[in-house]
Amino acid sequence: QVDVYESETTRDAFYSTRAAFARAGKPLGETWVFHGTHARNKLPIMAGGFKVGGVDAGIPVVNGAAYGHGVYMATTPLTPMAY
């Protein structure tokens, strides 16, 4: 199952950053990305954004850090759906 959420705060930040990129002459290409998580994490992510396990206070590393600490995304839902 793939759920899509939109946050007004995140959307506004996106458009503000996109406008700043345009003013700076940076590329404006967009890519949809997918993130897999347990159902219990959906609302906290939507309310407070992504947190980095092992870096942000109180957030443990859950599925390893093969490429270092960070929030892992993919350009298709296939891999994230396993998480």
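The values are calculated or read from the model by the stated rules, or taken from the named source; none is laboratory data. Because the structure is a prediction, the values reported are computed rather than measured. Every residue, glycine among them, receives a Cβ derived from its backbone with ideal geometry; neighbour counts consider all protein chains shown.
Structure above, values below:
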quantity: Residues satisfying the stated conditions in the range 31-48, i.e. surrounded by 13 or more Cβ atoms within 10 Å (Cβ to Cβ) and either among the hydroxyl-bearing types (Ser, Thr, Tyr) or in a helix (DSSP H, G or I) (or both); calculated: Thr37, Asn41, Pro44, Ile45, Met46
quantity: Among (1) modelled with pLDDT of 90 or more; (2) part of a loop (DSSP other than H, G, I, E, B) - the single one Phe14 does not satisfy; calculated: (2)
quantity: Of all residues in the range 22-79 being polar (S, T, N, Q) and touching a strand residue (DSSP E or B) at 6+ places or on another chain (Cβ under 9 Å), the one that is farthest from Val4 (Cα to Cα); calculated: Thr79
quantity: Search result, residues across the range 22-46 that are among the β-branched types (Val, Ile, Thr) and modelled with pLDDT of 90 or more; calculated: Thr31, Val33
quantity: Residue in the range 2-13 that is surrounded by fewer than 13 Cβ atoms within 10 Å (Cβ to Cβ) and in contact with a strand residue (DSSP E or B) (Cβ under 8 Å, 6 or more places away or on another chain) present; calculated: yes
quantity: Residues of the range 54-76 classified as in contact (Cβ under 8 Å) with a residue 12 or more places away in the chain, of a type outside the set (A, V, I, L, M, F, W, C) and farther than 14 Å from Gly36 by Cα, total; calculated: 2
